[in-house]
Amino acid sequence: SVSPIPINNVLRLGQEEKIIQVASGPNADRDKAVMAVLLDHGLRASELAKLTWDRLYQEPDGRWTMTFIGKGGKPARMRVKPRTMELVLKLKGARGTEPFICAEPGVPLTRQLIWSIVTRWGKAIGSPVTPHGLRATYISSIYMRTRDVRKAQKMARHGSLSSTERYLRQDVRDDED
């Protein structure tokens with residue numbers, strides 16, 4: 001018996017773009033970039049908080065790749081989606097060992113600030129989503145596109161298939177019945 005992530009903590013279909021678009025105010029660009037990284041790449045809040053520019057590099061084809069230390073100290077590597085880079089580059093942040101996304105110039109994000117950003121904009125669209133819920137949204141969307149739970153497991157960097165299955169949205173699980 002799999003204990004799933006609560007359904008109210010995962011964005012429903014169509015809400016992924018809405019939560020990014022609704023961000024406004026003086027920190028809108030930062031908030032949009034934070035949510036794009038979580039939605040487009042499935043990073044944990046702690047992974048995003050520790051990500052620095054020296055962990056990214058631009059490929060000869062112009063695309064960006066990030067390397068980071070995941071849960072359990074496991075190294076991970078992933079291509080950065082164009083939307084994410086477009087939003088992050090709008091921030092005009094520093095490079096080198098500076099944070100990938102800053103709370104304010106030169107100040108790294110914290111897990112608590114990431115939580116605050118996601119829950120604020122989740123409430124604005126009527127969804128009590130958390131950063132962990134955005135990770136579940138990411139994993140569910142991979143599964144919905146591929147119908148391959150092993151692919152979703154690999155992209156989520158899970159050691160166990162049952163861990164990945166817990167992240168699948170209820171509507172995804174119901175779709176299989």
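Summary of values
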| item | result |
| --- | --- |
| Loop-resident sites, region 1-102, for trypsin sites (Lys or Arg not before Pro), counting at most 15 other Cβ within 10 Å (DSSP) | 63, 90, 92, 95 |
| Percent accessible area from carbon and sulfur atoms, the chain, protein chains only, probe 1.4 Å | 52 percent |
| Interchain or long-range residues, amide H under 5 Å from residue 52's placed H | 100 |
| Most fluctuating residue given options 33, 156, 76, as computed from a GNM of the chain linking Cα atoms under 10 Å | 76 |
| Vicinal HN-Hα couplings computed from phi for region 11-16 (Karplus, 6.51 cos²θ - 1.76 cosθ + 1.60; Hz; Gly/Pro x) | 5, 7, 3, x, 7, 4 |
| For residue 103, residues with placed amide H under 5 Å, excluding near neighbours | 109 |
| Accessible area (Å², per residue) of the chain, counting only protein heavy atoms and a probe of 1.4 Å | 52 Å² |
| For the chain: relative contact order, % (alpha-carbon pairs under 8 angstrom, 6 or more apart) | 30 percent |
| Long pairs among 123/151; 50/74; 50/151; 123/154; 81/151; 50/71, criterion Cα-Cα beyond 20 Å | 123/151; 50/151; 123/154 |
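The values are calculated or read from the model by the stated rules, or taken from the named source; none is laboratory data. All values reported here derive from a predicted model rather than from experimental measurement. All Cβ positions, glycine included, derive from the backbone under ideal geometry; neighbour counts span all protein chains shown. Surface accessibility is based on the protein's heavy atoms, side chains included, excluding ligands, DNA and RNA. Shrake-Rupley method; radii C 1.70, N 1.55, O 1.52, S 1.80 Å.
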